[in-house]
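A.B. asks: Pasting a structure below so you can have a look.
The values are calculated or read from the model by the stated rules, or taken from the named source; none is laboratory data. Please read these numbers as outputs of a predicted model, since none were measured by experiment. Heads up, the Cβs are rebuilt from the backbone with ideal geometry, glycines too, and the neighbour counts pull from every protein chain shown. The accessibility values were calculated without ligands, DNA or RNA, using every heavy atom of the protein model including side chains. Shrake-Rupley method; radii C 1.70, N 1.55, O 1.52, S 1.80 Å.
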Amino acid sequence: MRRTSFDGWPCSIARTADLLGDAWTLLILRELFYGESRFDGFTATLGIARNTLTDRLRRLEAEGLLHRRAYQSEPVRHAYLLTDKGRDFFGVLAALNAWGDHWLAGDEGAPVVLHHTTCGHDTQAQVVCSSCGDPLDPGDLTARTGPGYPPRLRDTPAARARFAPGRTLGRADSEQT
């Protein structure tokens with residue numbers, strides 16, 4: 001069965017989900033941040049089928065999130081290493097981890113704790129305003145079309161409603177006042 005592609009949608013969330021939205025890809029990226037770089041290491045830690053791992057690694061390499069470097073010549077074996085684009089995805093994984101710790105961790109608590117070595121404290125990701133530093137709450141946000149939004153869609157009824165001035169994020173149409 002062929003899946004729907006979202007790579008052409010005028011939405012960064014849809015495009016990112018199209019590229020990185022399956023669980024195996026996220027777990028491979030997690031393992032890369034934990035320091036795993038070898039094919040056999042991924043299969044051992046994740047229990048992922050070799051063909052699935054090959055597919056995901058090729059896609060991540062093609063999209064520029066990782067690159068391969070040979071570490072053995074006979075037979076040729078490669079290490080998979082994060083690029084700047086791949087390392088930039090860490091904030092997304094940290095945010096997913098924080099959400100999971102809050103909503104899905106059992107009574108035992110968080111399964112993994114991030115420790116910020118710079119300040120010496122345990123931490124969790126927090127999404128904050130890039131201008132003032134306050135935490136972002138959907139009730140304090142509105143959205144508007146950006147320069148990459150297709151002009152042909154700007155004046156559709158759906159776009160006008162979605163991006164109406166003063167329309168608060170996180171509330172259903174019936175809740176907007």
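A.B. asks: Do we find that Leu82 is out of contact with any Lys or Arg (no Cβ under 7 Å at 6 or more places or on another chain), open to solvent by less than 90 Å² (accessible area, probe 1.4 Å) and more than 24 Å from Leu136 (Cβ to Cβ) in this structure?
C.D. replies: yes
A.B. asks: Please indicate, with yes or no, whether at least one residue in the stretch 112-130 is loosely packed, with under 13 Cβ neighbours inside 10 Å and closer than 16 Å to Arg30 by Cβ.
C.D. replies: yes
A.B. asks: Could I ask something else about it? Would you confirm, using the coordinates I've provided, whether Thr142 is open to solvent by less than 50 Å² (accessible area, probe 1.4 Å) and farther than 20 Å from Gly91 by Cβ?
C.D. replies: Working: open to solvent by less than 50 Å² (accessible area, probe 1.4 Å): no; farther than 20 Å from Gly91 by Cβ: yes.
No: the conditions fail for Thr142.
A.B. asks: Using the structure shown, decide if Ala62 is closer than 30 Å to Pro151 by Cα, aliphatic (A, V, I, L, M) and open to solvent by 50 Å² or more (accessible area, probe 1.4 Å).
C.D. replies: Yes.
A.B. asks: Go through (1) at pLDDT 95 or above; (2) exposed (fewer than 13 other Cβ atoms within 10 Å of the Cβ); (3) not small (Gly, Ala, Ser) and name the single condition Thr4 misses.
C.D. replies: (1)
A.B. asks: Let me ask something else about it. May I ask you to list the residues in the stretch 30-58 that are under 15 Å from the mean Cα position of the chain (by Cα) and within 17 Å of Thr16 (Cα to Cα)? Please lay out each step first, then the result.
C.D. replies: Step one: of the stretch 30-58, the residues under 15 Å from the mean Cα position of the chain (by Cα) are 30-33, 56.
Scanning the stretch 30-58 gives Arg30, Arg56.
A.B. asks: Separate question: Please enumerate the residues belonging to the stretch 9-57 that are open to solvent by 40 Å² or more (accessible area, probe 1.4 Å), outside any helix (DSSP H, G or I), farther than 16 Å from Thr83 by Cα and not aromatic (Phe, Trp, Tyr).
C.D. replies: Those that are open to solvent by 40 Å² or more (accessible area, probe 1.4 Å), outside any helix (DSSP H, G or I), farther than 16 Å from Thr83 by Cα and not aromatic (Phe, Trp, Tyr): Pro10, Cys11, Gly21, Asp22, Gly47, Ala49.
A.B. asks: Considering only residues that are farther than 16 Å from Gly21 by Cα and in a loop (DSSP other than H, G, I, E, B), which ones fall in the stretch 65-87?
C.D. replies: Within the stretch 65-87, Glu74, Pro75, Thr83 meet the criteria.
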